[in-house]
Amino acid sequence: MGFKCGIVGLPNVGKSTLFNALTKTAAAQAANYPFCTIEPNTGDVAVPDPRLTAIAEVAKSAEIIPTRLTFVDIAGLVRGASAGEGLGNQFLANIREVDAIAHVLRCFEDDDVTHVANVVDPIADAETVETELMLADLESLERRSTNLRKRAQSGDKDAKTELALMDGALELLRDGRPARELEVAPEDRKAFKMLNLLTSKPMLYVLNVDEASAGTGNAISERAAKMAAERGAPSVVISAAIEAEIAQLPTDEQTDYLESLGLEEPGLDRLIRAGYGLLDLITFFTAGPKETRAWTIRAGTHAPQAAGVIHTDFERGFIRAQTIGYDDFITLGGETGARDAGRARDEGKEYRIVDGDIVHFKFAT
Ligand code: GDP
């Protein structure tokens with residue numbers, strides 16, 4: 001199904017550098033001037049998951065196939081973008097298509113790199129970007145509201161629900177708050193999503209620090225992290241420049257380099273996982289001699305729909321899901337061991353997949 005995380009932020013905060021590191025390609029050219037990323041660049045990245053190796057070892061799989069998350073490098077947003085400044089309209093169209101937002105904030109000082117507002121202040125930057133997003137949402141709702149109000153008055157039930165949600169969002173936005181703060185009843189979530197508001201998308205902050213602070217963060221990123229926490233948003237400290245370097249090294253040299261920097265793992269791994277978490281995604285596995293493979297689903301997905309991610313036939317002809325919990329699979333030595341111990345379960349249509357499940361689907365053709 002492909003989940004997408006958009007990378008946004010003001011020009012020159014390190015988006016392209018980060019994106020390049022993420023995709024290990026030079027597709028998105030990092031250059032020291034605004035608007036260098038004119039087309040959105042899309043890259044699929046493997047989601048790092050140590051469970052894959054552990055399962056593959058037990059199942060004696062020949063190959064390991066991680067699941068993937070799509071990142072989109074979205075062209076530079078500037079003050080006034082909601083009114084069409086810079087690449088405003090294009091930016092808005094691109095960001096509508098992503099499921100979540102990774103908002104990059106510049107937390108590094110570097111006199112050689114121009115800052116669009118001439119001062120490194122991630123909190124002011126965040127406000128500039130978020131104001132543009134809120135203005136865009138306000139404008140889009142106001143444009144639609146007259147029509148919707150008419151439909152609601154004529155007794156259209158869906159329109160009434162939508163209108164209530166819209167009014168709630170408008171109230172927040174007019175108060176300078178993002179639409180994601182609106183409390184939405186579970187039965188209304190779908191309708192709310194249909195409003196397609198930029199500020200209703202889940203967001204995390206990427207705090208891009210200087211090379212020396214990659215492991216620890218710095219005073220600027222600390223302030224930004226505090227702001228993120230106050231807004232209930234996750235944040236990840238990263239040095240995009242370092243990540244770009246790491247990404248270019250052969251794998252065996254990466255570990256040494258990370259160690260020399262005092263890092264346990266690349267910051268990108270933390271970022272990818274944070275993006276995954278933000279989207280409320282979980283992973284299940286299929287394992288056999290041929291391959292161990294990870295699959296992505298939304299938390300709460302039922303077994304037949306999870307099967308459908310592998311193949312539509314699996315969903316259509318779903319009979320049952322032979323399921324082994326991750327810990328059982330590892331400690332009991334795989335499928336046979338788990339079965340002997342009575343820990344291999346036959347699950348039906350109502351079963352909701354649990355993160356880490358190793359599943360074998362039975363289906364009729
Ligand atoms: P974008 O406009 O947000 O896509 O920013 P870029 O990725 O093009 O980066 C703008 C400039 O900042 C480039 O010259 C990068 O080399 C530089 N830059 C990005 N990240 C870092 C960092 O972590 N440290 C330093 N010193 N420079 C960085």
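Distance between the pseudo-spin-label points of D111 and K150 (7 Å out from Cα toward the beta carbon): 6.1 nm.
Charges were assigned to the Cβ only: +1 to each Lys and Arg, -1 to each Asp and Glu. The resulting dipole of the chain about its Cα centre is roughly 1780 debye. Note on the chain: GNM, Cα springs under 10 Å; of E57, E350, E139, the largest mean-square fluctuation is that of E350.
Looking at the chain, send over the antiparallel percent of its DSSP beta bridges, to the nearest 5. Here the antiparallel bridges make up roughly 50 percent for the chain. For the range 253-305, rounded, prolate or oblate, judged on the Cα gyration tensor with a ≥ b ≥ c (square roots of eigenvalues), a/c < 1.5 rounded, else prolate if a/b > b/c? Here the range 253-305 falls in the oblate category. Rolling a 1.4 Å probe over the heavy atoms of the protein chains gives the range 300-363 an accessible area of 54 Å² per residue. In this structure, the amide hydrogen of V237, modeled 1.01 Å from its nitrogen in the peptide plane, lies closer than 5 angstrom to those of L207, counting only residues at least 5 positions away or on a different chain.
Using the alpha carbons alone, the radius of gyration of the range 114-168 stands to its Kirkwood radius in an Rg to Rh ratio of 1.30. With the chain treated as a Gaussian network of Cα nodes joined by springs under 10 Å, which of D313, D328, D269 yields the largest mean-square fluctuation? For the chain, modelled as a Gaussian network with Cα springs under 10 Å, the answer is D313. With unit charges on the beta carbon (Lys/Arg positive, Asp/Glu negative), name the residue among V359, G308, G325 whose Cα is farthest towards the positive pole of the charge dipole of the range 300-363. Farthest towards the positive pole: G308.
Between the C-alpha center of the range 225-286 and that of the range 111-173 there is a gap of 30 Å.
When every Cα-Cα distance of the range 57-182 is counted in 5 angstrom steps from zero, the calculated P(r) takes the values 2, 9, 14, 15, 16, 12, 9, 7, 5, 5, 4, 2, 0 percent. Radius of gyration (Cα atoms) of the range 248-338, expressed as a multiple of 2.2 N^0.38 Å: 1.43.
Here the chain has 49 percent of its accessible surface on carbon and sulfur atoms, given a 1.4 Å probe and all protein chains in place. Sorted largest first, the principal axis extents computed over the alpha-carbon atoms of the chain equal 66, 65, 33 Å.
For the pair R174 and N118, the difference between a 0.36 nm per residue extended length and the Cα-Cα distance amounts to 17.3 nm. The gain in end-to-end length when the K362 to D313 segment is fully stretched comes to 16.6 nm, 0.36 nm per residue minus the alpha carbon separation.
Straight-line cross-link reach from K157 at under 13 Å between alpha-carbon atoms covers these aspartates and glutamates, not counting any fewer than eight positions away in the same chain: D188. Between the amide H of I65 and those of T292, R293, A294, distances stay under 5 Å, these residues lying 5 or more places away or on another chain, with hydrogens modeled in the peptide plane. Going Cα to Cα from K150, which lysines come in below 28 Å? Please leave out same-chain ones fewer than 8 positions away. Here the lysines satisfying the reach criterion relative to K150 are K160, K190, K193, K201. Computed over the Cα atoms of the range 169-213, pair by distinct pair, the Kirkwood hydrodynamic radius stands at 12.5 angstrom.
Grouping the Cα pair distances of the range 127-273 into 10 Å bins from zero gives a pair-distance distribution of 10, 30, 22, 18, 13, 6, 1 percent in increasing distance order.
In this label model, R298 and E57 are separated by 3.6 nm, measuring between points 7 Å along each Cα→Cβ vector. Tell me whether the range 300-363 comes out rounded, prolate or oblate; compute the Cα gyration tensor, take square roots of the eigenvalues as a ≥ b ≥ c, and use a/c under 1.5 as the rounded threshold. Here the range 300-363 falls in the prolate category.
The values are calculated or read from the model by the stated rules, or taken from the named source; none is laboratory data. Since the model is a prediction, treat every value here as computed from it, not as a measurement. When we count neighbours, we look across all protein chains shown, and the Cβ atoms used for this are built from the backbone with ideal geometry, even at glycine. Surface accessibility is based on the protein's heavy atoms, side chains included, excluding ligands, DNA and RNA. Shrake-Rupley method; radii C 1.70, N 1.55, O 1.52, S 1.80 Å.
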